[in-house]
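Below: the structure, in structure tokens.
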Amino acid sequence: MKFDYDVIIIGSGPAGFSCAMQSTKFGKKVLIVEASKQNLGGSWISKGTVPSKALRAASKLIQSFESQFGDEKGRKPFERFRMEDIMKYKSPILDSKNKKYVDDIIKNEVQTVRGWGRIAGEHDVEVVDFQNKKKTYTAEFILVSTGSSPAEPVNFKVDHKDILDYTSVLELTHIPRRLVIVGGGIISLEFATTFAALGTRVTILNSEPEMLNFLDLEVKDQLVEILKKKNIQIVNEATIERISYNALRTCNEVLYKTKTDNRLQVVETEYTLYVGSKLPDTDKIGLDELGIEKTDVGHIVVDKSYRTSVPSIYAAGDVIGQPSLASASFLQGRLASAHMFGNRDDAMQGNRDLPFGIYSIPEVAGIGLTETQAIDLGIDVTVGRAYYESLTRAFLNHESDGILKLVFRSDNLKLLGVHIVGEHAADMIHIGQAVMAFDGDIKYFIERVLNYPTYAEAYKIAAFNGLNRVHKSGVKYRNILERSEGK
Ligand SMILES: Cc1cc2nc3c(=O)[nH]c(=O)nc-3n(C[C@H](O)[C@H](O)[C@H](O)COP(=O)(O)OP(=O)(O)OC[C@H]3O[C@@H](n4cnc5c(N)ncnc54)[C@H](O)[C@@H]3O)c2cc1C
């Protein structure tokens, strides 16, 4: 072999991991370079996805217990449960995920080296280790999967004491009574509902005109109602002026202005959690020296096969921008490998409708076109709705807030989009995804037996609801059924 490795992967997060695993399936020699001394797995295992979900799972458990059994003394969860116990819940989960990661790379004979990786040529990666020793490795291909980090906040600093970020919030020693979250994205919503489930009063200060503007409008309206019930206050178009400690009132104060009201306003809090936008970690890794194209904010520009402007160098995961999710990063890393070593045409095939899942309480998920997007595209669509309150399973579990909405073509009932807010949304979305991937229509949900009681029943109810809307008299529906059955 001309090179030391077939592929060198810089960064061991989901994109790097999946590229490594897929490359070993092609029988290739793989090296992962990881800058973290402690962990492999990037934001996925130790800092972001899994730990935040572990905290959510513990809070959800407490919320379910509370809603089922209450408390005879009327105490709030933060008076009954200890953060220490909640945090203990996550340790075995993280340990087991870390162990599985290491087991997988050992089993698949992926080599790793710890240190700062930098591209030193079209086939060269220089690694500076923790003793400042440099070594250069060569490979036929290089994958850049160095991920992203939170952008620096404006007008205040994260001190990890009173002002936290998504890593230090997971080190809290007690459940806060009050929490201000600065930032209005997915992670903000997840932490807001996780802490609200523990009885914390949460305020979200969002700099944008609205939160999560990519959601289907009805799903968003439902979500806003749910957040109101949970006493979560959302302030849009807020600019933080400063955050300071008020010794007299023994609390922190977040001072902010909004676009519509230029007066300085104050919200008292125990902690502030900063979850602003993410910036790609693409500095000081040799991209500019090689002329690899980047966007203004630093995302690496790639083609459909995740190849950069230098053909031997690929990029995947948060470094290439939206959707910046572990789920998408896994796919991108695998496809990059498939393009390097497999059949290039095959690697580009397949349905690429990306679902998203937001692990708030309750969850939010979506795939395909929203109703508004479909209408804007000039497609004649109808929607079908199922409210969680009509699902026996949701009722049994005291989780009856939510809606599932199907968007389908009025003429042939083909499913174009599914949008859900409600428990198990992130799992449920994959039923719709499968039907869409096989070009299916909403009759699937009506004609098949679905287990009962399940959350999946929402698909059946929404399909009936949609059909009723299209064919109020039932005549057209009969015609469609007869046509599809070849009568
Ligand atoms: C709180 C939180 C919750 C989240 N929840 C979800 C979720 O529920 N679902 C979901 O799909 N996504 C979620 N995400 C997003 C997800 O974590 C990221 O999209 C995903 O981890 C990105 O993967 P990646 O491989 O691009 O990079 P990362 O996971 O960021 O990994 C990059 C790795 O590269 C290493 N590195 C950086 N520079 C160098 C260098 N020069 N040399 C060597 N190594 C380097 C880093 O140390 C790191 O280990 C969440 C994120 C956060 C912060």
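Each reported figure results from applying straightforward, stated rules to the coordinates on display, with no laboratory input. All values derive from a computational prediction rather than experimental measurement. Glycine also receives a Cβ, built like all others from the backbone with ideal geometry; neighbour counts cover every protein chain displayed.
Structure values in brief
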| item | result |
| --- | --- |
| Over 20 Å between alpha carbons, listed pairs Lys37/Lys133; Lys60/Lys229; Lys99/Lys284; Lys28/Lys97; Lys76/Lys229; Lys2/Lys133 | Lys99/Lys284; Lys28/Lys97; Lys2/Lys133 |
| Cβ-based net charge around Thr370, under 11 Å, with every Lys or Arg adding one and every Asp or Glu removing one | -2 |
| Test item: Cα-centred dipole of the chain, Lys/Arg +1 and Asp/Glu -1 on Cβ, debye | 860 |
| Formal net charge of residues neighbouring Phe445 (Cβ-Cβ distance under 10 Å; K, R +1; D, E -1) | 0 |
| Part-to-part distance (alpha-carbon centres) for region 94-146 and region 18-89, which is given in Å | 24 |
| Cα shape, the chain, gyration tensor, a/c 1.5 rule | oblate |
| Shape category assigned to region 4-154 from the gyration tensor of Cα positions, a/c cut at 1.5 | prolate |
| Extension reserve of the Asp439-Asp103 stretch, reckoned as 0.36 nm per residue once the Cα distance is removed | 117.1 nm |
| Taking region 4-43 and dividing mean pair separation by its residue count, relative contact order in percent (alpha carbons under 8 Å, at least six apart) | 52 |
| Rel. contact order, % - alpha carbon contacts under 8 angstrom, at least six apart, the chain | 15 |
| R0 of 51 Å, Cβ-Cβ distance Arg344-Glu171: FRET efficiency to nearest 0.05 | 0.65 |
| Phe3 versus Phe464: modelled label distance in nm, points set 7 Å from Cα along the beta carbon direction | 5.8 |
| Packing rank of 281-293, 449-461, 311-323, where each peptide gets the mean count of other beta carbons within 10 Å, highest leading | 311-323, 449-461, 281-293 |
| Highest-first arrangement of 142-149, 193-200, 302-309, where packing means the average Cβ count within 10 Å | 142-149, 193-200, 302-309 |
| Base-10 log of normalised Debye intensity for region 83-211 (one unit scatterer per alpha-carbon) at q = 0.12 Å⁻¹ | -0.76 |
| Highest to lowest packing among 157-168, 426-437, scored as the average C-beta count within 10 Å | 426-437, 157-168 |
| Computed label-point distance, nm, for sites Ile93 and Ser64 using a 7 Å Cα→Cβ extension | 1.2 |
| Furthest towards positive pole of dipole, Ser360, Ile300, Val381, structure part the chain, Cβ charges | Ser360 |
| Tail weight of P(r) past 20 Å, computed on alpha-carbon pairs of region 152-274, percent | 41 |
| Projected label distance in nm at Leu377 and Leu264, using a 7 Å step from Cα toward the beta-carbon | 5.0 |
| Average projected area [Cα convex hull, region 362-485], square nanometres | 7.3 |
| Net lengthening on full extension, Asp159/Arg75 (0.36 nm per residue, minus Cα-Cα) | 27.1 nm |
| Antiparallel DSSP beta bridges within the chain, percent to nearest 5 | 60 |
